[in-house]
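Novice: This is the structure I have questions about; it appears just below.
Read-outs throughout are calculated quantities, based only on the coordinates presented, and are distinct from any laboratory measurement. No experiment lies behind these values; they were computed from the predicted model shown. Note that we place each Cβ from the backbone using ideal geometry, even for glycine, and neighbour counts take in every protein chain shown.
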Amino acid sequence: MTLENIYYIGQTVAVIAIFSSLIFVGFQIRENSAAVRSATAQAVHDNYGAWYMAQGADAEALSASIKGFLDYEGLAPIEKAHFVCTYMAFLSHSQNAFYQWKEGHLSTDLWKGWEALMMNLVNTPGGAAFWRERCYVFGEKFQHHVDEIMTRKPDPRARALGVVPVTQGAAAPLPAEAQS
């Protein structure tokens, strides 16, 4: 065996080792991607679950939410502040879920469930009025998506928080100063 033959054998072994390493790395990336999607889904679910549990555990917050979804403009200042804090948290979780879904970290099936719940809230008279007043604080793509959701026909069984009727086109008209 010549030195040149040993060199070629060494090169062949190196190429096989490199390809084996690349295959291994490919499997690791695939498993890591699945773990990231799973963790994202769990985090999104935990956020929404915590929001709903907090609502259910606080009668005052629940009352302000129901009243706010029915008549946002009719809320007393403390009720409005409570509603704003509560509903901003929900929409912030929704925006996070939306972008996670858009980036492929959240499955479409999971997103559709949370999107339906968001639709139930934004398609109430108070939810629509709130959205028109505060949509500017959210990302542009999310704003467009919520605006599109508000044009959809809701499921006839839909009720925000289980009690507030949901209607298509509940969108409140823009304030006069915003229309000019």
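Novice: With the requirement that a residue be over 18 Å from His93 (Cβ atoms), in contact (Cβ under 8 Å) with a residue 24 or more places away in the chain and either in contact with a Phe, Trp or Tyr (Cβ under 8 Å, 6 or more places away or on another chain) or not acidic (Asp, Glu) (or both), what does segment 151-167 give you?
Specialist: If the condition is that a residue be over 18 Å from His93 (Cβ atoms), in contact (Cβ under 8 Å) with a residue 24 or more places away in the chain and either in contact with a Phe, Trp or Tyr (Cβ under 8 Å, 6 or more places away or on another chain) or not acidic (Asp, Glu) (or both), then Arg152, Pro154, Ala158, Arg159, Val163, Val164, Pro165, Val166, Thr167 are the ones that fit.
Novice: Return yes or no: is Lys112 free of Cβ contacts under 8 Å to residues at least 24 places away in the same chain and over 22 Å from Pro154 (Cβ atoms)?
Specialist: Here the answer is no, as Lys112 does not meet what is asked.
Novice: Within segment 97-114, how many residues turn out to be under 19 Å from Gln55 (Cβ atoms) and surrounded by 17 or more Cβ atoms within 10 Å (Cβ to Cβ)?
Specialist: Final tally of qualifying residues: 2.
Novice: Quickly run through segment 58-80 and pick out the residues that are surrounded by fewer than 17 Cβ atoms within 10 Å (Cβ to Cβ) and over 23 Å from the mean Cα position of the chain (by Cα).
Specialist: The answer is Asp58, Ala59, Glu60, Ser63, Asp71, Glu73, Gly74, Ala76, Pro77, Ile78.
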